[in-house]
Amino acid sequence: VRREVPSMPGVFNLSVDETVKEVEAARADGVKSVLLFGLPDEKDSTGSAAYDSSAPVQSAIRAIKRASPDTLVVTDVCLCEYTDHGHCGIVAGEEILNDPTVELLAKAAVSHASAGADIVAPSDMMDGRIGRIRSALEKAGHIHTKIMAYSAKYASGFYGPFRDAVGSAKALGKADKQTYQMDPANSDEALWEVGLDLAEGADMVMVKPGLPYLDILRRVKDEFKAPTFVYQVSGEYAMLRAAIANRWLPESCIMESLTAFKRAGADGILRYFALEAAAQLRR
Ligand code: PBG
Ligand code: ZN
């Protein structure tokens, strides 16, 4: 399977075999780490495929580590790619249940680590999940698995194309993710959330989205001096892609945005433009 995402030209949903080819090609081009997201055949109300050892992400981790052992594998830990309602947690009526969700996230993280993931990256924004994931990993003997916490994750419209790609938008209906993702108008809360995640055992923290939140990135880096990552999300990719395709913007904006992240304090950047950036950096 190699299916282009309509709102993200140049980005594809890949089956496990195609993923391995993509990873090997990326590695040859200088991209040494990947972040995996899952899209199961069947979704249900508790996101069972998130913690199923034979699901696509777990299979892809094993296949990548067989073919390319030195590639660093990071996995997105969440339920929304696997739930039929598209929420990041268990839904009861109008509510998202924090604590039962955290238990399932810990199961998912352990299942990724068991398959060979180097870093697990919880993107759900439930409270207390970093501590719970850390203790579950330790208990299962995964003492070297790192946690990259999506700590300052805003309730953003810029995730639209991603939700198209994994089919998590259609069932959300009127309820959005504002009860667990952060208010775009609030910057102090980002520091609060990052502080909690670091105290609970996160090795790295992330700010998300990227360009519209560069001020948050700078504040987080200055305040904590922790390894700080930024995620240039799907909507940012789609905007740049569309504008470049229409010749409304020059291609140099891809590298300009990368430079902006670095300037604002990022130690690492998660982005859909990685291959293009690697090609440009080689020139
Ligand atoms: C899942 C998740 C999302 C993204 C990364 N992990 C979407 C969401 O919270 O709905 C967004 C990624 C992107 O837009 O590229 N929790
Ligand atoms: Zn989610």
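Here are a few things to note about the model shown:
- Selection over the stretch 68-102 of residues that are within 14 Å of ligand 2 (Cβ to nearest atom) and not in a loop (DSSP other than H, G, I, E, B) gives a count of 10.
- Residue check, ALA242 modelled with pLDDT of 95 or more, small (Gly, Ala, Ser) and either within 20 Å of the chain's Cα centre (by Cα) or closer than 30 Å to HIS144 by Cβ (or both): no
- VAL31 fulfils the conditions (1) among the β-branched types (Val, Ile, Thr); (2) in contact with a Phe, Trp or Tyr (Cβ under 9 Å, 6 or more places away or on another chain); (3) open to solvent by less than 40 Å² (accessible area, probe 1.4 Å); (4) not in a strand (DSSP E or B) except for a single criterion, (2).
- Against the list (1) more than 19 Å from PRO122 (Cβ to Cβ); (2) within 16 Å of ligand 2 (Cβ to nearest atom); (3) more than 16 Å from the chain's Cα centre (by Cα), the condition GLN178 fails is (1).
- Some residue of the stretch 17-27 being open to solvent by 40 Å² or more (accessible area, probe 1.4 Å), within 25 Å of ALA92 (Cα to Cα) and touching a strand residue (DSSP E or B) at 6+ places or on another chain (Cβ under 8 Å): no
- Scanning the stretch 43-91 for residues that are out of contact with any helix residue (DSSP H, G or I) (no Cβ under 6 Å at 6 or more places or on another chain), modelled with pLDDT of 95 or more and of a type in the set (Asp, Glu) turns up ASP44, ASP52, ASP70, ASP76.
- Some residue of the stretch 165-186 being modelled with pLDDT of 95 or more, under 24 Å from SER54 (Cα atoms) and out of contact with any His (no Cβ under 9 Å at 6 or more places or on another chain): no
- When we screen ALA108, ALA121 for residues that are within 14 Å of ligand 2 (Cβ to nearest atom), under 19 Å from the mean Cα position of the chain (by Cα), modelled with pLDDT of 95 or more and part of a helix (DSSP H, G or I), the only hit is ALA108.
- From the options ILE269, ILE244, ILE254, residue that is β-branched (Val, Ile, Thr) and either over 20 Å from SER33 (Cβ atoms) or within 16 Å of ligand 2 (Cβ to nearest atom) (or both): ILE244
The values are calculated or read from the model by the stated rules, or taken from the named source; none is laboratory data. This is a predicted model, so every value here is computed, not measured. All Cβ positions, glycine included, derive from the backbone under ideal geometry; neighbour counts span all protein chains shown. What goes into the accessible areas is simple: the full protein's heavy atoms, side chains included, and nothing from ligands, DNA or RNA. Shrake-Rupley method; radii C 1.70, N 1.55, O 1.52, S 1.80 Å.
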